[in-house]
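A.B. asks: Quick one: the structure is below, questions incoming.
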Amino acid sequence: MNRSTPVILSLTHSSLETFVKKLFGKNKIEDALKRLDILTQEEVRMATAEVLKVTQRVDNKVTGLTALFEGEQDAFIAPYPSS
């Protein structure tokens, strides 16, 4: 080995170390973004389920009111004798 070999090995080691750090850092960022995407999709599903529950409650109340009003109309019409 000549005198420049340790310098080259040092530079190679340093470059390799930098490359590996960048590679793992990139993977960590990609993994974090994937986790964020999964959480965002889960949040959308939960929000959609909540909207569906509220919509069903409103529908049930409207259906109940419709039945009530139809019953009241029948009550108003029924007492009058038809000729």
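Nothing in this text is a laboratory measurement; each read-out follows from the coordinates by a stated rule. Nothing here was measured: the structure is a model prediction, and the numbers come from that model. Quick reminder, even Gly has a Cβ in these numbers, built from the backbone with ideal geometry, and neighbours come from all protein chains shown.
A.B. asks: Which value in nm describes the separation of the simple spin-label points at residue 62 and residue 30, placed 7 Å from the Cα toward the beta carbon?
C.D. replies: It is 4.8 nm.
A.B. asks: What's the local net charge at residue 36, with K and R +1, D and E -1, over the other residues with C-beta under 14 Å away?
C.D. replies: -2
A.B. asks: Quick one: net charge of residue 22's neighbours, Cβ under 13 Å, K/R +1, D/E -1?
C.D. replies: +1
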